[in-house]
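Structure record follows, encoded as structure tokens.
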Amino acid sequence: MSMILVLFGPPGSGKGTQSQFLVDDYGFIHISTGNLLRDEIKKGTSLGNEVKNTIDSGKFVSNEMIIDLVKSVISENADKNLIFDGFPRNVDQAHKFDAILTQLQKKVDLVLDFVVDFDKLKDRIVGRYTCSNCGAVYNDSLKKPQNEGVCDVCSGTVFERRKDDDLDVLKERISVYKNETEALKELYGKTGLLRQIDASEELNVVKSKVNNCLRTEGFI
Ligand code: AMP
């Protein structure tokens, strides 16, 4: 039986990084609605053009667009263990997600709440950049590649920065998170599926916490 895991937490809490560990170590499929939208922008599709300004400003794109994206990606990966990162992001999306999963005789199995001090997010996000080839994440002050300008993972030499990883846009993203996304804690808390992960520590420490939690729940 395939598993549906939701990672939930503010921008910069490490959801993408920890998802990548679960992909590498346990074969999960990582579904990041943010990545899916950025792919559409890169490809220059009409959806990409439509959402570009919204994403750059740190606001949410419409629930309808997100739900359409999620529907198609779930149907392409029906039998796999899935990690949702950045979705659902408000109560309406969570209800629609449940409806989609119920139709497929699936359900959300576990929600990990990545708890991190809001003060730390600024350091993690402002200065973040990724390898354009493999997506490995670096940071101007926290984690440079061992050889400046060369990716540790794939030796790529081209890097990119997200336009929304800027201090003013980050403030907007955090405010949207507080206003819309934090309500999911209560929703998922009531279902008994929510587990808190202290995500303020170094990434390997967080990784073992995530693994311990999934092991305790019998998912790995
Ligand atoms: P992320 O990569 O998760 O930080 O998402 C980047 C941006 O994509 C967000 O700031 C939103 O503009 C948009 N986005 C991603 N996922 C969602 C979602 N579930 N609902 C609404 N907007 C989203």
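Extension gain, N49 to E148: 0.36 nm times the residue separation minus the Cα-Cα distance gives 32.3 nm. Calculated on C-alpha atoms, the gyration radius of segment 18-59 divided by its Kirkwood radius gives an Rg/Rh of 1.14. Approximating the spin labels as points 7 Å out from Cα along Cα→Cβ, the V205-to-D25 distance works out to 1.6 nm. Net length available on complete extension from F118 to D166 is 15.8 nm, with 0.36 nm assigned per residue and the Cα-Cα distance removed. Net charge dipole, segment 77-220: roughly 300 debye, given to the nearest 20, about the Cα centre with Cβ charges of +1 for Lys and Arg and -1 for Asp and Glu.
Tell me the mean residue ellipticity at 222 nm calculated for the chain from its helices only (DSSP H runs of n ≥ 4, each -39500 (n - 2.57), averaged over every residue, nearest 500). Don't jump to the answer; show the numbers that get you there.
Details: 9 runs with 103 residues, N = 220.
My calculation for the chain gives -14500 deg cm²/dmol from helical runs alone.
Quick one: of the DSSP bridges fully inside the chain, what percent are antiparallel, nearest 5?
30
The stretch between E64 and A78 holds 3.0 nm of extra length on full extension. This uses 0.36 nm per residue minus the Cα-Cα distance. Based on alpha carbons, the Rg and Dmax found for the chain are 16.9, 50 Å.
Specify the longest stretch of the chain that does not include any exposed loop site, a site being one of the GluC sites (Glu not before Pro) with a non-H, G, I, E, B DSSP assignment and at most 16 other Cβ atoms within 10 Å.
By the stated rule (loop sites, at most 16 other Cβ atoms within 10 Å), 1-147.
Among I67, I31, a tally of other beta-carbon atoms within 10 Å of each Cβ gives an order, fewest to most, of I67, I31.
Treating r as the C-beta distance of T157 and R195 and R0 as 45 Å, the FRET efficiency rounds to 0.70. Look at the dipole of the chain built from charges on Cβ: of L121, I66, L101, the Cα furthest out on the positive end belongs to L101.
In the distance distribution for segment 116-220, Cα-Cα pairs more than 23 Å apart total 46 percent. Taking 7 Å steps out from each Cα toward its Cβ at Q103 and D39 produces label points 2.1 nm apart.
Read-outs throughout are calculated quantities, based only on the coordinates presented, and are distinct from any laboratory measurement. Keep in mind it's a predicted model, so treat the numbers as computed, not measured. Cβ atoms come from the backbone with ideal geometry, glycine included; neighbour counts cover every protein chain shown.
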